[in-house]
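This report concerns only the one structure given below.
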Amino acid sequence: MNQEELNNKLLEIKDKLIDIEQKANKRIFLPCEAENTYAVNKFLFEDVPLRFVIATGIDSDDYFEILYHYSNDETGCVVTVKAFIRDREKPAIESIAPFLPGAEWIEREIHDLLGIDFKNHPNLRRLILSDDWPEGVYPLRKETKK
Amino acid sequence: MSWKIKALKKSPWVFHVNVGACNNCDIEIVNCLTPRYDVERFGIKLVGSPRHADALLVTGVGTMQAAIRLREVYRQTSKPCVVFLIGACPCGTGIFSQGYHVAGPVDKIIREVDPNAIIAYVPGCPPKPEAMISGIVKTLAAL
């Protein structure tokens, strides 16, 4: 799929997104609210389709961001879904692991480090923190001190 | 000198423990065993179990998960034994000193089990194979 076809395809889900930001020639950001991310991810993975690369979790002071990175391997274009989780007290987002098993571990890791609850995740156990790590302490949150 | 120390110095068998290293020091340890340095000609041999070992080669910063395992490995090593800390991380936690998951430095972890443990430091990021061999020679001479 070339760049033009991809751009046209992305217009189909424009109503679920806040914006379509083309930051560079081969870099597209799709900011959206947390409740729409499941549909957006499903569309990108199954309907476009793009290859899922990795997800990133960020603590941005007043909200959390989950970035889902997809690659269009034909052109090398990277499409990033930027999901905003506004609720800092109980951050939660729909898991994409049910239709995308490759995202299972990175979601477990983000759950460990930022304490974001991935709803409908098949197996949200601890992944990388040690067994004696205290419950409810999330090391990559801004308020956590060493 | 007890016969145990004499036997240890004759041919120190080493067991390699990685407690959160980036693999760079581990590669240099393997490098020591290649034909270029070939430490086996001095009787330094890598073994598969701490129960067979006279020395532990510890690489890595000492993470919280690995600290428990390292203490267990140290308990299982037949005494007397020497602990070699290979690299900047085990010697003083290096650039990871402020990390949230760091239980090290490794000498502190080992001393919780045995306050009189014989610990040798080989700093470097990673130390050269020559530095490791020199560290082992100096340690064995001091025993």
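The values are calculated or read from the model by the stated rules, or taken from the named source; none is laboratory data. Because the structure is a prediction, the values reported are computed rather than measured. With ideal geometry, Cβ positions are generated from the backbone for all residues, glycine too; neighbour counts draw on all protein chains shown.
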Is it true that some residue in the range A:103-124 is within 14 Å of chain B (Cβ to nearest Cβ), within 23 Å of B:I68 (Cα to Cα) and not in a helix (DSSP H, G or I)?
no
Tell me whether the range A:59-70 contains one or more residues that are in a strand (DSSP E or B), in contact (Cβ under 8 Å) with a residue 24 or more places away in the chain and within 14 Å of chain B (Cβ to nearest Cβ).
yes
Given the conditions (1) of a type in the set (V, I, T); (2) surrounded by fewer than 14 Cβ atoms within 10 Å (Cβ to Cβ); (3) within 14 Å of another protein chain (Cβ to nearest Cβ), and given that B:V61 satisfies all but one, which numbered condition is not satisfied?
(2)
Identify, from the list A:D87, A:D132, the residue that is touching a strand residue (DSSP E or B) at 6+ places or on another chain (Cβ under 9 Å) and at pLDDT below 90.
A:D87
Quick check: anything in the range A:37-60 crowded, with 18+ Cβ neighbours inside 10 Å, under 13 Å from the mean Cα position of the chain (by Cα) and basic (K, R)?
no
Members of the range A:128-146 that are free of Cβ contacts under 8 Å to residues at least 60 places away in the same chain and of a type outside the set (D, E, K, R):
A:I128, A:L129, A:S130, A:W133, A:P134, A:G136, A:V137, A:Y138, A:P139, A:T144
The one condition in (1) in contact with a His (Cβ under 8 Å, 6 or more places away or on another chain); (2) more than 14 Å from chain B (Cβ to nearest Cβ); (3) part of a loop (DSSP other than H, G, I, E, B); (4) polar (S, T, N, Q) that A:S130 fails to fulfil:
(2)
Residue satisfying condition, being buried (at least 22 other Cβ atoms within 10 Å of the Cβ), free of Cβ contacts under 8 Å to residues at least 60 places away in the same chain and either of a type in the set (V, I, T) or over 23 Å from B:K128 (Cα atoms) (or both), within set B:A7, B:A66, B:A53
B:A66
Positions within the range B:2-39 being within 12 Å of the chain's Cα centre (by Cα) and in a helix (DSSP H, G or I), in sequence order:
B:C25, B:D26, B:I29
Among the residues in the range A:73-89, are any hydroxyl-bearing (S, T, Y), part of a loop (DSSP other than H, G, I, E, B) and more than 14 Å from chain B (Cβ to nearest Cβ)?
yes
Checking the condition in contact with a Cys (Cβ under 6 Å, 6 or more places away or on another chain) and at pLDDT 90 or above, which residue from B:P50, B:P127, B:P35, B:P123 passes?
B:P123
Considering (1) among the small types (G, A, S); (2) assigned to a loop (DSSP other than H, G, I, E, B); (3) within 19 Å of A:N36 (Cβ to Cβ), say which one A:G136 fails and leave the rest.
(3)
Is it fair to say A:K26 is touching a Gly at 6+ places or on another chain (Cβ under 8 Å), of a type in the set (K, R) and surrounded by fewer than 19 Cβ atoms within 10 Å (Cβ to Cβ)?
yes
Considering only residues of the range B:67-101 that are in a loop (DSSP other than H, G, I, E, B) and under 23 Å from B:G135 (Cα atoms), which is farthest from the other protein chains (Cβ to nearest Cβ)?
B:P80
